[in-house]
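The values are calculated or read from the model by the stated rules, or taken from the named source; none is laboratory data. As the structure is a computational prediction, the values presented were derived from the model and not from experiment. Cβ placement follows ideal geometry from the backbone for every residue including glycine, while neighbour counts extend to all protein chains displayed. Ligands, DNA and RNA are stripped out before the accessible areas are found, and what is left, the full protein with its side chains, is counted by its heavy atoms. Shrake-Rupley method; radii C 1.70, N 1.55, O 1.52, S 1.80 Å.
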Amino acid sequence: MTSYVYVGLAGETAPGREVQSGLYRMAEGDSEWEMLSNGLPEVPEIRAIAVHPEQPEIVYVGTQSGPYRSTDHGEHWEKVNVPDHGLPVWSILFHPHDAKLMYAGYENCEIYRSEDGGEHWQALPVSVRFPEITMARGANPAKRVLMLGGSAADANVIYGAVEVGGMLRSMDGGEHWENLSHGQYLNDDVVDTHGVLVSRLQPGKVFGIARAGMFCSTDYGDHWQHVRIDALNDKGQTYCRDICEMPGNPRKIWVAAGANFRSDVGVLFHSKDGGDTWNRVDMGMTPSHTMFALAFDERRPNRMFCATNGGEVYGSTDVGETWQTCP
């Protein structure tokens, strides 16, 4: 069976940030990208991609007008029937405990759940208090669920990383939620949260990534500690944007990062011991934009990809030892 890698572009609306939107696919062994559009919205803004962990022909993407699904590796698409408010989808999760259990995270902190593999969806009662700093005058009003994470050991445990709002947690499958980001903040760096990873190695261990760097909890998110990685900007921080484990080897964790949202350096960090220690990866090249995304081939996890917010894509067939550009 042929493996594919997918890349989604969502564009930007701010001055000087115009990026072409769309969904692209490249087959294993090929060097050319093809644009996928059959059934997708016109000029689709792709902010989330989720490939079914057991049936790779099934792919979901999050767009500016809700989620779409393909059952043939992206050749054809259909709109998923979610009773949503037409807001952009920023994250889609196949729960690691049960692939029939799915979640979709939206702008304005809406989360929807499916218990039958995406056929039927219901809105979850996400009602939380956000840190005051994220609600103050002049603060970024966005409350986007950028990443969802679940425990492989417990189908009821689910986390949501909110930009800009902090880390959410539910211990009952999404029926009740709490914001884990407590305390007073001088700015919203720490609660501008971009990603979450629940360790398969140690279920109570959770990683959160943010504008201010990386954080770790060993008690399901009740308490957090800052994780030491190389500081990349003048604040002494590292802008972290994506985090994932290597399939089949939860000791190996990867983080995509940069100096800021827009920077001239893209960086990968790698842990070989479940997140206890971290090293900056020597890619043999220096990506010229912030690293934004990571992906593994589930069936051949030695094959991995990363992408920047400048549209640059890099591939490796030896778990990050060597890299090739995939323009």
(request) Scan segment 1-16 and report the pairs whose first residue is at pLDDT below 80 and whose second residue is among the small types (Gly, Ala, Ser) and assigned to a loop (DSSP other than H, G, I, E, B), with Cβ atoms within less than 8 Å and a gap of 6+ or a chain change. (result) GLY11/SER21
(request) Please state which of the following conditions ARG25 fails to meet, knowing it meets all the rest: (1) basic (Lys, Arg); (2) within 30 Å of SER199 (Cα to Cα); (3) open to solvent by 70 Å² or more (accessible area, probe 1.4 Å). (result) (3)
(request) Please work out which one of (1) under 21 Å from ARG25 (Cα atoms); (2) part of a strand (DSSP E or B) is the condition VAL319 fails and give its number. (result) (2)
(request) State yes or no: is ARG299 under 19 Å from VAL51 (Cα atoms) and touching a residue at least 60 places away in the same chain (Cβ under 8 Å)? (result) yes
(message) Going by what's in this entry, would VAL313 be described as over 24 Å from GLU32 (Cβ atoms), of a type in the set (Val, Ile, Thr) and open to solvent by less than 60 Å² (accessible area, probe 1.4 Å)?
(response) no
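Quick one: which of GLY39, GLY66 is in contact with an Asp or Glu (Cβ under 8 Å, 6 or more places away or on another chain), at pLDDT 95 or above and more than 18 Å from ILE111 (Cα to Cα)?
On the way: GLY66 fails: more than 18 Å from ILE111 (Cα to Cα).
None of the other options fit; the residue is GLY39.
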(message) Which pairs turn up if I take residues in segment 248-276 that are closer than 16 Å to GLN202 by Cα and look for partners that are open to solvent by 20 Å² or more (accessible area, probe 1.4 Å) and among the small types (Gly, Ala, Ser) with beta carbon separation below 9 Å, at least 6 apart in sequence or on another chain?
(response) PRO250/ALA152
(request) Please determine, by comparing only the residues of segment 39-52 that are open to solvent by less than 60 Å² (accessible area, probe 1.4 Å) and part of a loop (DSSP other than H, G, I, E, B), which one is nearest to MET147 (Cα to Cα). (result) ILE46
(message) Would you confirm, using the coordinates I've provided, whether ARG300 is closer than 27 Å to THR325 by Cα and open to solvent by 60 Å² or more (accessible area, probe 1.4 Å)?
(response) yes
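Would you confirm, using the coordinates I've provided, whether THR277 is modelled with pLDDT of 95 or more, in a loop (DSSP other than H, G, I, E, B), surrounded by fewer than 17 Cβ atoms within 10 Å (Cβ to Cβ) and not hydrophobic (A, V, I, L, M, F, W, C)?
On the way: modelled with pLDDT of 95 or more: yes; in a loop (DSSP other than H, G, I, E, B): yes; surrounded by fewer than 17 Cβ atoms within 10 Å (Cβ to Cβ): yes; not hydrophobic (A, V, I, L, M, F, W, C): yes.
It is true that THR277 is modelled with pLDDT of 95 or more, in a loop (DSSP other than H, G, I, E, B), surrounded by fewer than 17 Cβ atoms within 10 Å (Cβ to Cβ) and not hydrophobic (A, V, I, L, M, F, W, C).
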(request) Tell me which residues, restricted to segment 143-179, are open to solvent by 10 Å² or more (accessible area, probe 1.4 Å) and outside any strand (DSSP E or B). (result) LYS143, ALA152, ALA153, MET171, ASP172, GLU175, HIS176, TRP177
(message) Could you check segment 251-274 and list, in sequence order, the residues that are open to solvent by 50 Å² or more (accessible area, probe 1.4 Å) and of a type in the set (S, T, N, Q)?
(response) ASN260
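Just for segment 117-137: of the residues that are among the small types (Gly, Ala, Ser) and at negative phi, which one is modelled with the highest pLDDT?
To start, the set of residues in segment 117-137 that are among the small types (Gly, Ala, Ser) comprises 117-118, 123, 127, 136.
Among the residues that remain, those that are also at negative phi are: 123, 127, 136.
Details: ALA123: 98, SER127: 93, ALA136: 89.
Among those that are among the small types (Gly, Ala, Ser) and at negative phi, it is ALA123.
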(request) Find the residue count for segment 103-123, including only residues that are in contact with a Ser or Thr (Cβ under 9 Å, 6 or more places away or on another chain) and open to solvent by 20 Å² or more (accessible area, probe 1.4 Å). (result) 3
